[in-house]
Amino acid sequence: MAAVDLTRGAIAAISEGRVKDGVKPVVQVWEVKLVNTQQSTTERYRMLLSDGAHMQQAMLATQMNGLVKLGTLQKHSIVRLDEFICNVIQNRRIIIIINLEVLVSNSNAIGEPKLYDNGSASQNRVPSPAQSTSADQPVIAAENPQNYGGIHSSTPNIVQNVTRGPSLSPATEAVTTNSSFAGYYGNGVMSSRNTNSVPSEHPKSEQGVGRISESHPNSGYQNQRLSSPASVGAFRPPASSYGHPVQPAYQQPPPMYTNRGPIAKNEAPARIIPIAALNPYQGRWTIKARVTTKGELRRYSNPRGEGKVFSFDLLDSDGGEIRVTCFNMVADQFYDQIEVGKVYLISKGSLKPARKSFNHLNNEYEIFLESQSVIQPCSEEDNTIPRQQFNFRPVNEVEGLENNSMVDVIGIVVSINPSASITRKNGTETNKQTLQLKDMSGRSVEVTFWGNFCSTEGQQLQRMCDSGVYPVLAIKAGRVSDFSGKSIGTIGSSQLFINPDFPEAHRLKDWYNREGKNMSALSISRDTTTMSRNDVVRKTLSQIKDEGLGRSEKPDWITVKATITFVKVDNFCYTACPLMVGDRPCNKKVNNNGDGTWHCDRCDQSFPECDYRYLLQFQIQDHTGMTWVTAFQEGGEEILGVTAKELYLLKYQEQDDLKFAEIIRRVLFHQHLFKLKVKEETFSDEQRVKSTIVKAEKVNPSSESRYLLGLIEKLLTEDPIVVSGMQTFASTSGMSTVAYGMVESNNSVHSVTNNFGINNITLSTTVQEVQIARVNPLEVDSQTVVPTFVLNANNLGIGPVNVRDKVLPHQHMEVVVHQEDTTGNMVGSEILSATGLLPEACSLIVVCEMLVLIAFIPTVMLGSTSVSAN
Amino acid sequence: MDTSSPAVFVNAEILKMYLGRRVRAVIQVMRNDAGVIVGQSTDGNQITVKGAQAFPPAHFVEVIGIADGSQSIRAEICTDFGESFDMTAYNGLCQLANGKFKNLFL
């Protein structure tokens, strides 16, 4: 139907950028051709539009593709261009149709249009003379942003200064060609934050603009006035798009780009975005930030191989923080360049979700740098970027924090303990130092320094406190633990600042000087006095069972003094893999290949010689009980004195059973100090407490004596000492107090000598001797033997047979005595019942042991032959 | 084993309490005179041992014998303990053995 007229001169007008706002020219589609983009599968239609007189190339926005497919839009259709832009790409003018309406689908060709040749279709540079759209002159039609090259004031800057923002030093690295970018309409130079206004309009157009087939590099779109927001529909700005990078003219064929936008092929002036705006879908980005911490270049090895890695944290002027990680070659590349405290411009890294277990920064993402990433140092100082960002919480709030959460705190160090070496849960030794930190909330918390912090900041703080100064300590990334109330500990990436120059620090110092000093602060950490003695927890073997050691989540580490009573000789060792994995040998059990070689499953290798490692099981006993323990290589060697390999060869190759037995026998009945790791484990549905020997030491008589002396001392001071001239062991621990004189009640405890003629008294007393004596055979069944107990230097009576078995010399027992009338001599009393060993006996036993030990000393010193154990 | 006359663990202080009784003490040899050893007891005071052979100075010697003076012992048995000995531990033993736990020993 020729009823619809084509807008005359439309093509020329469009091409020249003269179409006014709101004008929607009607043109005829002279041709429609499908173009396949190289790297994406989207189809794009290229068209020739005609106004009857002239024709111009055009590209159809993909959302309009449907029209073509359906056939609504076809060759010779008449359409009304609702939204379009005209751009120059590679010296050719292209009309990009964002929105159109098909007025007539089927039509005849109208006129004989010629290809419109706008001679001045120049590249992006300075606006062609004819259209001197100067920077400040917004495009004629808001709807028709025609900027062919109309680059504005900013452009020249940009163009000439290809990729340089004035304040930025050039990023000169290779162009990445693979990402899609949000283009950016920087209005002039990209400074960090002023792009905010721009994106709102741009993204849409940028989308549209982007829909150019890749054969056309984009001219810079300095489109400030791009298409009406109304046509947003299809355009959704990328999460934080900040416009397109400016495209200075490039002669090279553009890299392919996806639907999103033009691809920067070079370092267009980087526009800096806040770290908080970074996300994986962001196209090109650059951040300007200061390095707040730099990690060590760490080597690792995992099943996939070895590598090295290092990380550093960045902070920008908006307070955003993010961690940057580099692996292997990239790590090498950048490790030396990065310095803490300096400001850098970083771009072309990839963004991935942050690994929260390592990364405690407040950002969901982490940057991973690749070889094409760019790091530019900023030579001038940027004071808008803080040196370090803290989020200090007052101490009283720390109490409410979850275990293992990270926190920053600042406070006054009110006390500090010297650092001590302790054994960690996994057996390694490290340094630990604790201090109390107090702040204005009136509460104090225990802060623990681990490892190197002890020797550096710990020492410094100690010196300061010793000299009476109470310094301010700020901690970044301390971990809250619920060990003894709530306390804070350092982790690898913690940072400590002593007397820092922060306003909070000054405030704190003032507060402290004024009132804090005198205020007694409540600690949210309980005092841990138990941990003072080098963490050596001495237990007896029965305590393992009684106290349920090893039942909690973590294993218990105890020290026991015990004697080896039995060694299991079958399977005393296993064949182990000798290969190194990282810096430790693999040690996994290897399988015999049958041909003399051994194969390790973990390392997946075979080798001719394997290691032999101990896996000894033996039984140990002390005065309270016995248990089975397992010793591995180190413990085994310590105890047996020979390596597993030697022993193995001895037994299996040389078949020297005699010598083998000799070695084993040699260790029996020797007393050792064992450091045990006690843990409950599940073996096919049943829970068993397993003890493993971590360390085995010979008992040093001297130190052991002192230990025992201390123990005795402790036991003595616990007992209220009841002395009546007689050495009665009347202890109150768990028992009623001693009373003297005549007491009628049955359950009172008396000293032995003070009972006269009282029946049925309960005594707490000590057996000195057990004599088996026959009593008058007429009275008693001839087969019974009745034991006599000599108690406390006085004979006390005859006990019933059933008591005999329970009573041993030096056993402390409670006896119910039925006493004949005597004059103080208890002969003739009858022990009615006895109850067993009471704790007080331990002190006796300990004293006995000590005596024995003292006896040992000379023999040990003289190096005499082995003394039989107690 | 003859337990009729157990030797009491003594140092110089406690020695006084057991005059005429069998005692045992460890001393560090300070000097040897003819048949007499002068040594330092575990509590730091001096003890003289009569009737003993000579021992190298600075060695520790255990002396078992009869206490015949507030500071001297008439030796019956002498044993050389060598050069390293924990005096403090022994002293602690003496005190305990004559204090709270006397009945264990005598």
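The values are calculated or read from the model by the stated rules, or taken from the named source; none is laboratory data. Keep in mind it's a predicted model, so treat the numbers as computed, not measured. Every residue, glycine as well, gets a Cβ built from its backbone with ideal geometry; the counts of neighbours run over all protein chains shown.
Computed quantities for the displayed model
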item	result
Any hit, the range B:27-36, residues being charged (D, E, K, R), away from chain A (no Cβ under 11 Å), surrounded by fewer than 21 Cβ atoms within 10 Å (Cβ to Cβ) and over 22 Å from A:Pro701 (Cα atoms)	yes
Inter-residue pairs, beta-carbon under 9 Å, first surrounded by fewer than 18 Cβ atoms within 10 Å (Cβ to Cβ) and in the range A:22-33, second of a type in the set (Lys, Arg) and in a strand (DSSP E or B), 6+ apart	A:Glu31/A:Arg46; A:Lys33/A:Arg46
Qualifying residues in the range B:68-81 (those that are in contact with a Gly (Cβ under 8 Å, 6 or more places away or on another chain) and closer than 16 Å to B:Val38 by Cβ) - the one farthest from the other protein chains (Cβ to nearest Cβ)	B:Asp68
One residue from A:Ile96, A:Ile85, A:Ile89 being in contact with a Cys (Cβ under 8 Å, 6 or more places away or on another chain) and either under 19 Å from A:Ser15 (Cα atoms) or among the basic types (Lys, Arg) (or both)	A:Ile96
Residue check, A:Asn700 over 17 Å from A:Gln619 (Cα atoms), modelled with pLDDT of 80 or more and surrounded by 13 or more Cβ atoms within 10 Å (Cβ to Cβ)	yes
Unmet criterion (only one of (1) of a type in the set (Lys, Arg); (2) closer than 30 Å to A:Val678 by Cβ; (3) modelled with pLDDT under 80) for A:Arg387	(2)
Candidate set: the range A:594-640, residues that are modelled with pLDDT of 85 or more and out of contact with any strand residue (DSSP E or B) (no Cβ under 8 Å at 6 or more places or on another chain); chosen: the one surrounded by the fewest Cβ atoms within 10 Å (Cβ to Cβ)	A:Gly625
B:Ser84, sole failed condition from (1) loosely packed, with under 14 Cβ neighbours inside 10 Å; (2) more than 9 Å from chain A (Cβ to nearest Cβ)	(2)
Counted residues, the range B:46-67 - those being more than 14 Å from chain A (Cβ to nearest Cβ), without any contact (Cβ under 8 Å) to a residue 40 or more places away in the chain and within 11 Å of the chain's Cα centre (by Cα)	4
Helices (runs of 4 or more DSSP H) completely within the range A:578-680 that count 2 or more residues being out of contact with any helix residue (DSSP H, G or I) (no Cβ under 8 Å at 6 or more places or on another chain) and in contact (Cβ under 8 Å) with a residue 24 or more places away in the chain	A:633-640, A:644-648
Within the range A:345-376, considering residues that are within 14 Å of the chain's Cα centre (by Cα) and of a type in the set (Lys, Arg), the one nearest to A:Ser405 (Cα to Cα)	A:Lys356
Count of the range B:89-106 residues which are within 7 Å of chain A (Cβ to nearest Cβ), touching a residue at least 24 places away in the same chain (Cβ under 8 Å) and of a type outside the set (Phe, Trp, Tyr)	1
Strands (runs of 3 or more DSSP E) wholly inside the range A:289-332 containing at least 3 residues that are surrounded by fewer than 21 Cβ atoms within 10 Å (Cβ to Cβ)	A:298-302, A:305-316
Out of A:Val642, A:Val694, sole residue that is under 27 Å from A:Glu547 (Cα atoms) and either out of contact with any Gly (no Cβ under 7 Å at 6 or more places or on another chain) or away from chain B (no Cβ under 14 Å) (or both)	A:Val694
Residue count for the range A:333-354, restricted to those that are more than 15 Å from A:Trp285 (Cα to Cα) and part of a strand (DSSP E or B)	2
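Table: residues versus (1) at pLDDT 85 or above; (2) part of a loop (DSSP other than H, G, I, E, B); (3) at positive phi.
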{"residue": "A:Leu6", "(1), (2), (3)": "no, yes, no"}
{"residue": "A:Arg18", "(1), (2), (3)": "no, yes, no"}
{"residue": "A:Gln28", "(1), (2), (3)": "yes, no, no"}
{"residue": "A:Gln63", "(1), (2), (3)": "no, no, no"}
